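The values are calculated or read from the model by the stated rules, or taken from the named source; none is laboratory data. Keep in mind that this is a model prediction, so the values were computed, not measured. For neighbour counting, all protein chains shown are included, and Cβ atoms are generated from backbone atoms with ideal geometry for every residue, glycine included.
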Amino acid sequence: MMSLEEPLYYLKIFQLFIDWVEARYQDILLPNEADFLTKFSKLSESEQAVLVRLIMRKGDFFRRSKIQYQEIENRDKALAGLVDSGLLIQDPELSVEQLGALLVKTELAQLFEFSASTKKQDMLSCLLSSTLEKKTWSSWTQDANEFLYELKCRPVIRVFQLMFFGNLHQNLTEFITSHLGVIRYESVAFSDSDKAFVCRKDIDDYLAINQCLDLIDQDRWHDALCLLTTIVSDNIIIARKVDNLNYRLGYKFERSEQFDLARKCYKKCDTVDSRIREIRILMAVKDDHGAWDRWQKIYTETDDVGVHQTLRRIARRLAPRVGEIQPENQQSIYKMNLVLAKPVDPLPIELIAREYLETPEKPVYYVENALMTALLGLWCWDALFAPVKGAFFNAFQTGPSDLTQADFLLKRSKQFESLWIMFDNDSYIDQIRQCYQQKFGIQNPLVNWSVISEDLLDTALSCISAHHLKAIFAYMLTNIKDRRGGFPDLIQFNTRLNDFEVIEVKGPGDRLQQNQSLWFDFFRRQKINSKLCIISWSE
């Protein structure tokens, strides 16, 4: 672990980063990527330090006056060396939009003769509506004392980060903070052969998927679909993302009543959710009997309570159209209606309910999903971070890449077999407490350390029976993607009777969401005390 006291700590960490990429992915690097590694190795220490500093900043354009680092000597010499190497361009061409982002309001007003009272956004709107062509920085500003530099290696670094993290949402800052001890990750013993990407096509496909996301955000759905159809991969990470994109595009086309394209996308997903969306499309085009045939097939083929609940909701409209009787909904929820004085100071309605319900013997915690997911994450910590092939490929993962996949439990069947046995002799309690003590602060996708105190942990383990906790864990693990959410807002412990109750709080006009309703159905089946607290305000 490095320290901030080391002046060039970030440079040393960056060197570890590129060494790791080169060692594991040298065989699939493109010429420009290999060329960057060669060029970087030939730079002086000052040149390397300046480059890494710029890489860690946002954007690609940097004014010389903004490149000030006490630990780096001979800044101008280092910048000149980076220009000579081709890693920076001095005095690049800029559009008026790029120029506007670099200049402050007073500079913009002076350069284009705007009134000093004009808002910068209004200045930019005026300039963007003009036909001003690109010019170099010096041509725009006529400032001989201020140079501008453009970073040219950003695309290469982006690919390196993708290779290293297996995604594009993590970056060098996260890598560096980890080495400084700010963020801590669990150590997992994975082999050098465990990689997110095994060939160059995997990298290209991932970047194409990211381009599809950009196109969808720009409402260019047809362009995204055309690009998506070119991505065919055996890589499980790529395949999952393609399925998700097909579903997302299908929903976009469905909402815009482009039903043929929507069904085309949904069929490529081949998931229960996509098949249910097809039922809705058949209903939209008045093919009610075709929709009912699909409805019956899905209803009989799955025992997932969430799917059944969704299908029952659809049947309320569909069954009468085809002369069928809809399945009964057995769910009943105990409701508590509270009429309270509206507080003068605005407070979350959950905190208002907590204050009303809490007593010395019956403390109430506002935890939503945080408590049960944390208990689950602590209990099965070793299984989560087991070195399962394909689950881990770098030392900076918060959890296994397959956590939300259908075969997550199957791949760890031996670990979970031992874990379930712990409920027979109450050893799960020691397991959770010891894990809390030993792993506190280490990243875990199920544990929010800022919410889970030791006092809350002890109270929960004392008041939630082994039978109920085991049932909750089993229910969550069968569909962790959906069931890690929707848990009631409050949990109230009875410390005298060692019991508990879960409470969902709703204000005026609010109602249960589907994942919340599923939890109440589970509580009914497991005989767990639960209620829906509905608050209204007195006159």
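Quick notes on this one:
- The listed residues are ASP499, ASP489, and the only one of them that is surrounded by fewer than 18 Cβ atoms within 10 Å (Cβ to Cβ) and more than 27 Å from SER413 (Cα to Cα) turns out to be ASP499.
- Entirely in the stretch 438-539, the strands (runs of 3 or more DSSP E) that have 2 or more residues that are touching an Asp or Glu at 6+ places or on another chain (Cβ under 6 Å) and free of Cβ contacts under 8 Å to residues at least 60 places away in the same chain: none
- Those helices (runs of 4 or more DSSP H) of the stretch 186-292 in which at least 1 residues are over 30 Å from ALA315 (Cα atoms), considering only elements entirely within it, cover 200-217, 221-228, 236-255.
- PHE62 fulfils the conditions (1) touching a strand residue (DSSP E or B) at 6+ places or on another chain (Cβ under 9 Å); (2) of a type in the set (Phe, Trp, Tyr); (3) in a helix (DSSP H, G or I) except for a single criterion, (3).
- Single residue of ILE238, ILE231, ILE183 found to be within 20 Å of the chain's Cα centre (by Cα) and modelled with pLDDT of 90 or more: ILE238
- Boolean, ASP217 is within 21 Å of the chain's Cα centre (by Cα), without any contact (Cβ under 8 Å) to a residue 24 or more places away in the chain, within 24 Å of GLU278 (Cα to Cα) and surrounded by fewer than 16 Cβ atoms within 10 Å (Cβ to Cβ): yes
- Inspection of the stretch 283-304 finds a residue satisfying the criterion of being surrounded by 14 or more Cβ atoms within 10 Å (Cβ to Cβ) and in contact (Cβ under 8 Å) with a residue 40 or more places away in the chain.
- For TYR428, the conditions (1) under 30 Å from PRO508 (Cα atoms); (2) in the same structural domain as ASN515 (by TED's automatic domain parsing); (3) not hydrophobic (A, V, I, L, M, F, W, C) all hold with the exception of (1).
- Considered as a group, the residues in the stretch 143-178 that are without any contact (Cβ under 8 Å) to a residue 60 or more places away in the chain and crowded, with 18+ Cβ neighbours inside 10 Å include one that is nearest to LYS39 (Cα to Cα), and that residue is GLN161.
- Filtered by the rule that a residue be more than 15 Å from VAL502 (Cβ to Cβ) and assigned to a loop (DSSP other than H, G, I, E, B), the stretch 332-368 gives SER332, ALA341, LYS342, PRO343, VAL344, ASP345, PRO346, LEU347, PRO348, PRO360, GLU361.
- The stretch 431-454, subset at pLDDT 95 or above and surrounded by fewer than 12 Cβ atoms within 10 Å (Cβ to Cβ), residue nearest to PHE487 (Cα to Cα): GLN437
- Residue count for the stretch 186-196, restricted to those that are surrounded by 17 or more Cβ atoms within 10 Å (Cβ to Cβ), of a type outside the set (D, E, K, R) and over 20 Å from the mean Cα position of the chain (by Cα): 2
- Only a single item in (1) closer than 14 Å to ARG275 by Cβ; (2) hydrophobic (A, V, I, L, M, F, W, C); (3) touching a Phe, Trp or Tyr at 6+ places or on another chain (Cβ under 8 Å) is not met by ILE298, and it is number (3).
- Flag set for VAL344, criterion: modelled with pLDDT under 90, in the same structural domain as ARG483 (by TED's automatic domain parsing) and either exposed (fewer than 12 other Cβ atoms within 10 Å of the Cβ) or among the hydrophobic types (A, V, I, L, M, F, W, C) (or both).
- Residue check for ALA315: more than 27 Å from ARG483 (Cβ to Cβ), more than 30 Å from the chain's Cα centre (by Cα) and buried (at least 16 other Cβ atoms within 10 Å of the Cβ): no
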